[in-house]
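Asker: The structure's right below; bear with me while I get my questions together.
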Amino acid sequence: MRVTSYFLCFICQWLRWHPRGHVVLAGSEDFTSWMWNADTGACLSVFAGHNGSVTCGGFTPDGTYILNKSYHFRKEISES
C-alpha cells in the first residue's frame, strides 16, 4: 500500500481493512479518522467531529458502515 503524505501528518491509533479489501480505515490522535483507497493511496474520506483521539473503529461485516469511537466515548456511525 502506498501511503500518502496525509497519513504522515498524524499518529495512527489503529488501522482496519474493508471486508472486501482495497480500502483502509485509520483513526488518529488529531480527532479524525481517514479512509483510503489501498491501491492508489487516494484519500476517500475524512471523518471529523470527535472531541478526542479516535481510539478504535472498523467496518460493519458487509462494509456498508463504519463505526468510530473517540477517547471521550463519543461514537460516530457513517456510511462507508
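What follows draws every value from the coordinates through simple rules; no lab data is involved. Treat the numbers as computed from the prediction; the structure is a model and nothing was measured.
Asker: List the residues whose amide H sits under 5 Å from the amide H of Thr32, counting only those 5 or more places along or on another chain, with H placed 1.01 Å from N in the peptide plane.
Answerer: Val54
Asker: Here's another thing I want to ask about it. HN-Hα J couplings of the range 26-32 from phi, Karplus 6.51/-1.76/1.60, θ = phi - 60°, integer Hz, Gly and Pro as x?
Answerer: Those phi angles translate into 9, x, 9, 6, 8, 6, 10 Hz.
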